[in-house]
Amino acid sequence: MAFAITQNCCNDASCLSVCPVNCIHPTPDEPDFGKTDLLFIDPRSCIDCGACADACPVDAITRVSRLAPDQVIYAELNADYYRDRAADHLWYAPKFPPPNVHDIGRISVAVVGTGPAACYAAQAILRTSDARVTFYDRLRTPGGLARFGVAPDHQGTRRIGEHFRSLFVHPRVTMKLGVHVGADVEPASLADKFDAVVYAVGADVDRTFDVPGAELTGSMSARTLVGWYTGHPDVAADVIDLTGIDRVVIVGNGNVALDAARILTSDPDSLVGTDIAPHALRALRSHRVREVIVLARRGPEFAAFTRSECQALVVRPGVEVAVAGSVDAINGLPLSAPASALAGAPVVSLDSLPTDGRRIVFAFGASPVALTGSDRVESVDISIGGDVVSVPAQLTLRAIGYRGSELPGLPFDPETGTIRNVDGRVVDASGTPVPGTYVVGWAKRGATGGIGDNKLDAEQTVDALIADAPARASKASLRARLAERIGR
Ligand SMILES: Cc1cc2nc3c(=O)[nH]c(=O)nc-3n(C[C@H](O)[C@H](O)[C@H](O)COP(=O)(O)OP(=O)(O)OC[C@H]3O[C@@H](n4cnc5c(N)ncnc54)[C@H](O)[C@@H]3O)c2cc1C
Ligand SMILES: NC(=O)c1ccc[n+]([C@@H]2O[C@H](COP(=O)([O-])OP(=O)(O)OC[C@H]3O[C@@H](n4cnc5c(N)ncnc54)[C@H](OP(=O)(O)O)[C@@H]3O)[C@@H](O)[C@H]2O)c1
Ligand code: SF4
Ligand code: SF4
């Protein structure tokens, strides 16, 4: 009957090494890896052993016969990946070299950040060497976006936090929480104190958005909404007041936009028992948002969300999912295209509210041209299909992506919003490596990719750290060289 991989998959590839028949693809050695939302199980080869389900840290793998009705589509999506590939197709066998324990001595490594990238980096360091790791985080609660980003109703995905928590009590790990590197302690003093420093500081600011009226009350970043419903310590409980808000317009159609649309239209009872912040649950109970419009500046073939996240929206009872404009381009998409989950959706006009229940409307080829209102947002002028439609809305969220910010004392690339690096080695403006200084995750490659994408990325950086370790200069000269590179 086979097993299938479902919505929660974060592409960390942990299941590959346990499959006795190599029927989970794409593997990291295959060209598709990192381009698909999920990994897929070939139902023709799966021998039903269940080993992958035991290995998955986010409970994404289920026996096909036990798929819940709203997950049955995943049997088809898994099989679809193999449709044009013969069962005896010569797959790349995944390579799992035994973890070498490198003899680099008991060096001490600082890892700045405690999000997924930091955790994968620390895991790789602890697994392959005798090094000791000290985690630093500016927050007192570790986990990064796995704690304060992943939506509270994604309980399966949030389970990755349990997987990481075991690291924080590892005998070779020290935790320094509530320490802001760059403010409480300088990179130069970390370079002085540790043999190597790995920066895993993520991307903590918004991409810029230049639309008249963007400064009005009621126009904010989706990052604020996310921090509000996850209980981020930087975000005040009263920053969002849903009173009088019937319609919300979200700009951007990545997975953050879909998280925001889903939470705002959820039946509050379905959020009880999740990790949602109590103030957010109270607000969602006391006022009901009737419609969320998700604006994508490009067509459905360029949708930034993943299919699994869109699929999760269309199967919810009590929330209609509709499309503004034509649905023809959507109906022609292949099953693997993210927006194909919207095939057959009803078409509605942007300025009509649902008569009953709640609704999410996807508008493709649509951009805001102005936000208007006397002292707060009252409506959004939206350009779509050559017309400008004025749509009453009381809250506008920018979900147009995140960017890294400069950490004083480290080389920064303003173009990409990342710490300047070559394959994880931090480099100065001339491309010369800053000794003993590394970067992983969103701070390394920009704000893109799910949790599992940070794993191979972190392992690449740790390979560099270990390769450099024997040739490393003394700590004293490291500090001098860092100061020299950054001109301080
Ligand atoms: C809203 C949202 C929801 C998401 N949901 C999912 C999901 O459901 N599934 C999925 O697979 N992926 C999801 N992702 C993507 C995933 O969260 C990222 O791939 C991942 O968190 C990036 O990891 P990171 O460690 O690079 O950064 P982060 O997770 O942002 O971690 C950075 C850490 O560094 C700390 N830090 C920052 N600056 C400093 C400093 N100067 N000193 C000390 N500490 C510092 C921060 O406090 C934080 O703990 C989501 C992303 C967002 C934005
Ligand atoms: N459940 C999950 O697995 C999950 C949840 C949340 C986030 N994540 C991951 O985290 C990463 C970041 O997600 P994200 O949603 O923040 O970013 P994203 O996927 O990069 O999406 C950003 C969206 O904003 C649009 N955009 C950018 N600049 C714009 C502008 N100036 N005007 C109008 N639209 C603009 C983009 O349109 P264009 O495409 O036209 O540029 C795109 O639709 C992604 O890799 C995502 O998959 C995963
Ligand atoms: S999350 Fe990891 S272990 Fe689970 S199915 Fe996806 S790749 Fe496999
Ligand atoms: S159930 Fe067993 S055979 Fe099937 S994909 Fe999982 S590990 Fe492989």
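Among residues of the range 318-338 that are more than 17 Å from residue 308 (Cβ to Cβ), those with a Cβ under 8 angstrom from a residue that is of a type in the set (Val, Ile, Thr) and assigned to a helix (DSSP H, G or I), sequence gap 6+ or separate chain, pair up as 323/330.
Yes or no, residue by residue, for (1) β-branched (Val, Ile, Thr); (2) in contact with a Pro (Cβ under 8 Å, 6 or more places away or on another chain); (3) open to solvent by 10 Å² or more (accessible area, probe 1.4 Å); (4) in a loop (DSSP other than H, G, I, E, B):
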{"position": "429", "(1), (2), (3), (4)": "no, yes, yes, yes"}
{"position": "435", "(1), (2), (3), (4)": "no, no, yes, no"}
{"position": "438", "(1), (2), (3), (4)": "no, no, no, no"}
{"position": "443", "(1), (2), (3), (4)": "no, no, no, no"}
{"position": "447", "(1), (2), (3), (4)": "no, no, yes, yes"}
{"position": "450", "(1), (2), (3), (4)": "no, no, yes, yes"}
{"position": "456", "(1), (2), (3), (4)": "no, yes, yes, no"}
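In the range 135-155, the residue that is farthest from ligand 1 (Cβ to nearest atom) out of those that are closer than 23 Å to residue 191 by Cα and surrounded by fewer than 20 Cβ atoms within 10 Å (Cβ to Cβ) is 140.
A search for C-beta distances below 8 Å between a residue of the range 160-187 that is more than 16 Å from residue 136 (Cβ to Cβ) and any residue that is within 16 Å of ligand 3 (Cβ to nearest atom) and not in a loop (DSSP other than H, G, I, E, B), counting only pairs 6+ apart in sequence or on different chains, returns 160/116; 160/146; 161/146.
Using the structure shown, decide if residue 243 is at pLDDT below 95 and away from ligand 2 (no atom under 13 Å from the Cβ). Give the steps one after another, and end with the answer.
Working: at pLDDT below 95: yes; away from ligand 2 (no atom under 13 Å from the Cβ): yes.
In short, yes.
Of the residues making up the range 55-66, those that are near ligand 4 (Cβ under 9 Å from one of its atoms) and out of contact with any Cys (no Cβ under 7 Å at 6 or more places or on another chain) number 1. Residues in the range 303-321 that are under 29 Å from residue 34 (Cα atoms) and assigned to a strand (DSSP E or B): 321 alone.
Considering each of 337, 329, 341, 366 in turn, give the residue that is assigned by TED's automatic domain parsing to the domain that holds residue 219 and in contact with a strand residue (DSSP E or B) (Cβ under 7 Å, 6 or more places away or on another chain).
Details: 337 fails: in contact with a strand residue (DSSP E or B) (Cβ under 7 Å, 6 or more places away or on another chain); 329 fails: in contact with a strand residue (DSSP E or B) (Cβ under 7 Å, 6 or more places away or on another chain); 341 fails: in contact with a strand residue (DSSP E or B) (Cβ under 7 Å, 6 or more places away or on another chain).
Checking each option against the conditions leaves just 366.
Of all residues in the range 36-79, those satisfying the criterion of being of a type in the set (Ser, Thr, Tyr), more than 22 Å from the chain's Cα centre (by Cα) and farther than 25 Å from residue 164 by Cα are 45, 65. When we screen 19, 23 for residues that are closer than 24 Å to residue 120 by Cα and more than 16 Å from ligand 2 (Cβ to nearest atom), the only hit is 19.
Yes/no matrix, rows are residues, columns are (1) of a type outside the set (A, V, I, L, M, F, W, C); (2) out of contact with any Phe, Trp or Tyr (no Cβ under 8 Å at 6 or more places or on another chain); (3) in a loop (DSSP other than H, G, I, E, B):
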position	(1), (2), (3)
4	no, no, no
8	yes, yes, yes
14	yes, yes, yes
21	no, yes, yes
29	yes, no, yes
32	yes, yes, yes
37	yes, yes, yes
45	yes, yes, yes
49	no, yes, yes
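When 256, 289 are checked against the criterion of being in a loop (DSSP other than H, G, I, E, B) and among the β-branched types (Val, Ile, Thr), 289 stands alone in meeting it.
Where residues in the range 52-68 are in contact (Cβ under 8 Å) with a residue 60 or more places away in the chain and more than 16 Å from ligand 2 (Cβ to nearest atom), which of them is surrounded by the fewest Cβ atoms within 10 Å (Cβ to Cβ)? Write out each step before concluding.
So in the range 52-68, the residues in contact (Cβ under 8 Å) with a residue 60 or more places away in the chain come out as 57-60, 63-65, 67.
Narrowing further to those that are more than 16 Å from ligand 2 (Cβ to nearest atom): 63-65, 67.
Numbers: 63: 14, 64: 20, 65: 11, 67: 16.
Restricting to residues being in contact (Cβ under 8 Å) with a residue 60 or more places away in the chain and more than 16 Å from ligand 2 (Cβ to nearest atom), the top hit is 65.
Out of the residues in the range 434-448 meeting the condition of being over 16 Å from residue 195 (Cβ atoms) and in contact with an Asp or Glu (Cβ under 8 Å, 6 or more places away or on another chain), tell me which one is farthest from ligand 2 (Cβ to nearest atom). Please lay out each step first, then the result.
Let us first name the residues in the range 434-448 that are over 16 Å from residue 195 (Cβ atoms), namely 439-448.
Next cut, in contact with an Asp or Glu (Cβ under 8 Å, 6 or more places away or on another chain) only: 440-441, 444-445.
Numbers: 440: 16, 441: 11, 444: 14, 445: 11 Å.
Out of the qualifying residues, it is 440.
If you go through the range 380-404 and keep only what is modelled with pLDDT of 95 or more and at positive phi, you end up with just 401. Of all residues in the range 222-243, those that are among the aromatic types (Phe, Trp, Tyr) have Cβ atoms under 9 Å from Cβ atoms of residues that are within 15 Å of ligand 2 (Cβ to nearest atom) and part of a loop (DSSP other than H, G, I, E, B), 6 or more apart or on another chain, in 229/151; 229/152.
Taken as a whole, the condition of being open to solvent by less than 60 Å² (accessible area, probe 1.4 Å) and among the β-branched types (Val, Ile, Thr) applies to residue 319. Residues in the range 216-235 that are within 16 Å of residue 249 (Cβ to Cβ) and not aliphatic (A, V, I, L, M): 217, 218, 219, 221, 224. Among the residues of the range 244-290, those identified as without any contact (Cβ under 8 Å) to a residue 40 or more places away in the chain, open to solvent by less than 50 Å² (accessible area, probe 1.4 Å) and farther than 18 Å from residue 376 by Cβ are 268, 281.
Counting only residues that are of a type in the set (Gly, Ala, Ser) and open to solvent by less than 10 Å² (accessible area, probe 1.4 Å), the range 4-49 holds 1 of them.
Taking the residues in the range 221-270 that are charged (D, E, K, R) and closer than 21 Å to residue 338 by Cβ as candidates, determine which candidate is farthest from the chain's Cα centre (by Cα).
Within the range 221-270, the first condition is being charged (D, E, K, R), and the residues that meet it are 223, 234, 238, 241, 246-247, 259, 262, 267, 269.
Then drop every residue that is not closer than 21 Å to residue 338 by Cβ, which leaves 259, 262.
Numbers: 259: 11, 262: 16 Å.
Per the criteria, the residue is 262.
The values are calculated or read from the model by the stated rules, or taken from the named source; none is laboratory data. Note that this is a predicted model, so its numbers are computed, not measured. Positions of Cβ are generated from backbone atoms using ideal geometry, with glycine treated the same way; all protein chains shown enter the neighbour counts. All accessible areas refer to the heavy atoms of the entire protein, side chains included, with ligands and DNA or RNA removed. Shrake-Rupley method; radii C 1.70, N 1.55, O 1.52, S 1.80 Å.
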